[in-house]
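The values are calculated or read from the model by the stated rules, or taken from the named source; none is laboratory data. Just so we're clear, the structure is a prediction, and the values are computed from it rather than from any experiment. A quick note on method: Cβ atoms are made from the backbone with ideal geometry, for glycine too, and the neighbour counts reach across all protein chains shown. Protein only, heavy atoms only, side chains kept; ligands, DNA and RNA dropped before computing areas. Shrake-Rupley method; radii C 1.70, N 1.55, O 1.52, S 1.80 Å.
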Amino acid sequence: MPSSRTGGHLAPITKDSIPQLSGSSAAMQALRAQIVRIAASGAPVAIRGESGSGKELVARAIHAQGARADGPFVAVNCGAIPEGLMEAELFGCRPGAYTGALHERQGLFQAADGGSLLLDEVDDVPLAMQVKLLRALQERRVRKLGGSTDEAVDVRILCASQHGLARGVAAGTFRQDLYYRLNVIELAVPPLRERLGDLPALCDAILARLAPRQDMHLAPAVLAALARHAFPGNVRELENLLERALAFADGGMITVDGLGLPVAVPAPAPVTALNGGLPGRQLPLPGMGHGGAPIVPLQLFLLQTEREMILQALAQTRYHRARAARQLGISVRQLRYRMQKLQLREPPG
């Protein structure tokens, strides 16, 4: 039953409803084989993969094929929880622990007792909270916010991040001792662009879920068009494209036009801006430039400005998404969406 808590949800999984990872590519076959071995071990697992690649689905499969399959599976997006509420969200709280805490509430650790807890985007956890998280993992006990006693919890910890936890350790944003506690086994989820041969199986599975009572078909050119797309949003983006295409399908046929594949936005040529007669500043300003320069559409100017602001915030925070989002005055989810829209990827390494 879904939880009303910010960023967390319960998801009971039975051995008869193991999540399916669609695709028969070599990468997916290797991933499924790894999941089987990892599920039997019971050790903490750090899942690495790009946004939308299926990290939570992999975590669900590990849980469903392990000894804790009959217990709860709880997933929480750490980047979606306000910093001031994170301790209460994870460990629970006593009445009066903070303004508005009128009743005692269990945290996500207690909710996952006997099962598995997925800490998605765990590298977004603030350093101060990382200390408390480390203690909970070491002691297998948690203390509710405002409480004076510890409670024992029996939870298998799974975590997920886009670039792996070692990057945060190198940047000084993730504790090394917590890294060793969480990164016992690292599992990489391949991006969709590295397994384009799985597109037919993925499309079939997604359409069967989105339109179980309709007989939908892909026009011959659809798969070729999808294979040419970069998929910065991976499988999640593919699902969004197909959901849109369903709304425009005619007679059960999905067409390329119905997909609404995004058109690459060319970077506008900079136009010299007159800054009170001061030379030197180059901006892609809309309108007619000095000396008959080409007109730059307003939309391109706004996109370029947005791109530069996001890149500047990411660079200043060493690509720490939560901090960059706070600096920009938007949520982490909004930042991820804008990065996908502008096809911004973090540098490797």
Restricting region 72-88 to residues that are in contact with a strand residue (DSSP E or B) (Cβ under 7 Å, 6 or more places away or on another chain), surrounded by fewer than 24 Cβ atoms within 10 Å (Cβ to Cβ) and of a type outside the set (A, V, I, L, M), which is nearest to N240 (Cα to Cα)? N77
Based on what the data block shows, is A67 hydrophobic (A, V, I, L, M, F, W, C), out of contact with any Asp or Glu (no Cβ under 7 Å at 6 or more places or on another chain), outside any strand (DSSP E or B) and open to solvent by less than 10 Å² (accessible area, probe 1.4 Å)? no
Quick test of your reading of the structure: L158 fulfils all but one of (1) surrounded by fewer than 19 Cβ atoms within 10 Å (Cβ to Cβ); (2) under 28 Å from E89 (Cα atoms). Name the failing condition by number. (1)
Every residue in region 174-203 that is within 21 Å of the chain's Cα centre (by Cα), part of a helix (DSSP H, G or I) and under 19 Å from S161 (Cα atoms), please. L178, Y179, L182, L192, R193, E194
Give the number of residues within region 231-247 that are without any contact (Cβ under 8 Å) to a residue 12 or more places away in the chain and more than 19 Å from the chain's Cα centre (by Cα). 1
Residues of region 89-105 that turn out to be among the charged types (D, E, K, R) and open to solvent by less than 20 Å² (accessible area, probe 1.4 Å), as a count: 1
Among what's in region 59-110 and is modelled with pLDDT of 90 or more and more than 21 Å from L133 (Cβ to Cβ), pick the residue that is nearest to the chain's Cα centre (by Cα). R60
V142 being touching a helix residue (DSSP H, G or I) at 6+ places or on another chain (Cβ under 9 Å), open to solvent by 50 Å² or more (accessible area, probe 1.4 Å), of a type in the set (V, I, T) and farther than 26 Å from V58 by Cα: no
A171 passes all but one of the listed conditions (1) surrounded by fewer than 15 Cβ atoms within 10 Å (Cβ to Cβ); (2) touching a Lys or Arg at 6+ places or on another chain (Cβ under 9 Å); (3) of a type outside the set (D, E); (4) within 30 Å of D113 (Cα to Cα); the exception is number (4)
Determine the pairs where a residue that is closer than 20 Å to V122 by Cβ and of a type in the set (V, I, T), located within region 321-349, has a partner that is part of a loop (DSSP other than H, G, I, E, B) and at pLDDT 80 or above with Cβ atoms under 9 Å apart, the partner being 6 or more residues away or on another chain. V332/E121
When you check L108 against the structure, is it open to solvent by less than 10 Å² (accessible area, probe 1.4 Å) and of a type outside the set (G, A, S), yes or no? yes
Read through the list (1) without any contact (Cβ under 8 Å) to a residue 60 or more places away in the chain; (2) open to solvent by 60 Å² or more (accessible area, probe 1.4 Å), then give the number of the only condition that A136 fails. (2)
Do you know which residues across region 111-131 are of a type in the set (V, I, T) and either surrounded by fewer than 24 Cβ atoms within 10 Å (Cβ to Cβ) or outside any loop (DSSP other than H, G, I, E, B) (or both)? V122, V131
